[in-house]
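No value in this document is a laboratory result; all are computed from the given coordinates. On a predicted model such as this, the values are computed, not experimentally measured, just so you know. Positions of Cβ are backbone-derived with ideal geometry, glycine not excepted, and every protein chain shown enters the neighbour counts.
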Amino acid sequence: MEGKVRPLNVLGSSLNQYVLVKVKWNREYRGLLDGYDQHLNLVIKNAEEVVENKSRGTFPIMVIRGDVVVYISPSEAI
Amino acid sequence: MEGKVRPLNVLGSSLNQYVLVKVKWNREYRGLLDGYDQHLNLVIKNAEEVVENKSRGTFPIMVIRGDVVVYISPSEAI
Amino acid sequence: MEGKVRPLNVLGSSLNQYVLVKVKWNREYRGLLDGYDQHLNLVIKNAEEVVENKSRGTFPIMVIRGDVVVYISPSEAI
Amino acid sequence: MEGKVRPLNVLGSSLNQYVLVKVKWNREYRGLLDGYDQHLNLVIKNAEEVVENKSRGTFPIMVIRGDVVVYISPSEAI
Amino acid sequence: MEGKVRPLNVLGSSLNQYVLVKVKWNREYRGLLDGYDQHLNLVIKNAEEVVENKSRGTFPIMVIRGDVVVYISPSEAI
Amino acid sequence: MEGKVRPLNVLGSSLNQYVLVKVKWNREYRGLLDGYDQHLNLVIKNAEEVVENKSRGTFPIMVIRGDVVVYISPSEAI
Amino acid sequence: MEGKVRPLNVLGSSLNQYVLVKVKWNREYRGLLDGYDQHLNLVIKNAEEVVENKSRGTFPIMVIRGDVVVYISPSEAI
């Protein structure tokens with residue numbers, strides 16, 4: 001008995017969309033969701049790093065380890 | 001020998017209802033429960049983020065990683 | 001070779017009884033044990049939240065993630 | 001190739017004896033070992049809670065989650 | 001149902017390229033990605049260690065445990 | 001392809017010898033290694049507890065949970 | 001699809017060589033790599049313990065639990 005909308009499916013529907021990824025230690029990353037796996041490891045393109053509300057630069061591509069993720073929010077409702 | 005009411009079933013009965021999700025670091029999220037999986041990863045719609053009792057904005061949709069959850073409380077008894 | 005009284009069986013014998021659930025960060029929850037699973041995820045009804053010895057309100061129903069639990073104590077000996 | 005005395009067997013030999021259970025955050029519990037499982041979840045009867053060397057009361061029965069345990073010491077050599 | 005670009009494949013495409021590896025505790029390592037496994041354990045050659053923005057020296061070869069990784073960023077888009 | 005000397009075998013060769021067990025939070029235990037399992041749970045006899053370099057007493061027997069161990073050092077080379 | 005050089009193979013090629021093992025809490029160990037397993041548990045001989053850049057003595061043999069390791073660096077390129 002699983003929930004109506006599976007969390008991984010929300011990620012599948014958000015591919016190539018902008019997402020906000022909040023990780024531990026008050027850090028966040030904003031960019032295009034390019035991929036993910038079942039551990040919630042994420043691939044983000046054009047990822048802007050924001051630490052305590054200050055931009056720290058942009059990365060062409062970034063693999064974020066799922067274990068540090070707090071939440072992922074696509075910028076538009078699905 | 002499992003408990004009378006299984007925790008995941010409480011989530012199943014709370015789909016499309018408002019829930020309060022308390023996570024680590026004194027953060028909480030309030031919104032409609034749209035889905036979940038066996039890791040307690042959650043999909044929340046219209047999620048309001050509250051940090052130390054102050055609202056920090058609303059997200060159309062949010063995937064919260066189960067590993068950061070402290071508790072989930074549906075707003076109404078089931 | 002398992003111990004005489006299995007921990008999950010203590011929970012099974014405590015269903016519909018009041019329990020004290022101590023979690024990390026000096027928080028505790030008191031209410032009726034309504035269910036559990038093998039991860040020690042718990043379902044508590046009429047759960048009063050107590051943080052550093054102050055009551056913070058009551059929740060009709062609450063799913064506590066097992067991973068944050070320190071101990072569970074039924075209010076009466078079994 | 002396992003060690004001569006298996007840790008779980010020490011617990012098996014300590015059933016119905018007084019044990020000291022040291023957990024994280026400088027807390028300890030003293031009482032009769034009534035059961036355990038392979039995760040080191042423990043059932044303790046007449047458990048006295050001691051926090052930073054001060055007694056905080058006694059619980060008729062307590063299930064301690066194995067994941068918070070530092071060590072378990074039976075009060076008598078086996 | 002897995003994401004379009006799998007995180008491990010991004011690492012596979014980055015072999016022999018310079019990568020930035022951010023780990024916990026505000027540390028980072030910059031060097032050539034020489035290998036990895038499914039736990040995100042990494043092999044980095046000519047790894048420069050940077051702690052709180054100060055260089056701490058260079059290591060000919062380094063195995064970083066996946067469990068401490070926050071993100072990995074190849075220096076060029078793929 | 002495993003390493004020449006397996007870590008568990010070092011423990012097997014150290015049975016009935018004095019070992020130093022360093023655990024998290026600057027604590028250590030010194031005593032006779034009486035057993036272990038594959039999780040690095042340890043059985044130590046005549047265990048002296050040392051916290052921040054001060055002796056805190058001796059325990060006839062102690063089961064230390066592997067998850068809190070930093071390292072184990074037999075007092076003599078093998 | 002695994003990375004060109006597997007992390008465990010780097011350890012295999014470093015047997016009997018001097019390695020630097022950085023663990024959490026700003027501690028490190030330097031000595032001969034004598035063995036390892038798939039959890040990155042390590043056997044180090046003649047291990048010098050260095051805490052915040054100060055030597056704290058040498059151990060004839062030491063088993064370091066993989067879970068506390070940040071990185072392992074053989075002293076020479078392979």
Across the range B:28-56, what is the total count of residues that are more than 10 Å from chain A (Cβ to nearest Cβ) and out of contact with any Lys or Arg (no Cβ under 6 Å at 6 or more places or on another chain)?
7
Can you tell me which residue is surrounded by the most Cβ atoms within 10 Å (Cβ to Cβ) among those in the range E:59-78 that are within 10 Å of chain G (Cβ to nearest Cβ), in contact with a Phe, Trp or Tyr (Cβ under 9 Å, 6 or more places away or on another chain) and not basic (K, R)?
E:V63
Go through the range B:24-36 residue by residue and tally those that are acidic (D, E) and within 20 Å of C:V69 (Cα to Cα).
1
Which of the residues spanning the range G:59-72 are assigned to a strand (DSSP E or B) and under 14 Å from G:Y36 (Cβ atoms)?
G:I61, G:M62, G:V63, G:I64, G:V69, G:Y71, G:I72
Restricting attention to the range A:34-78, the residues that are touching a residue at least 40 places away in the same chain (Cβ under 8 Å), more than 10 Å from A:V21 (Cβ to Cβ) and not β-branched (V, I, T) number exactly 3
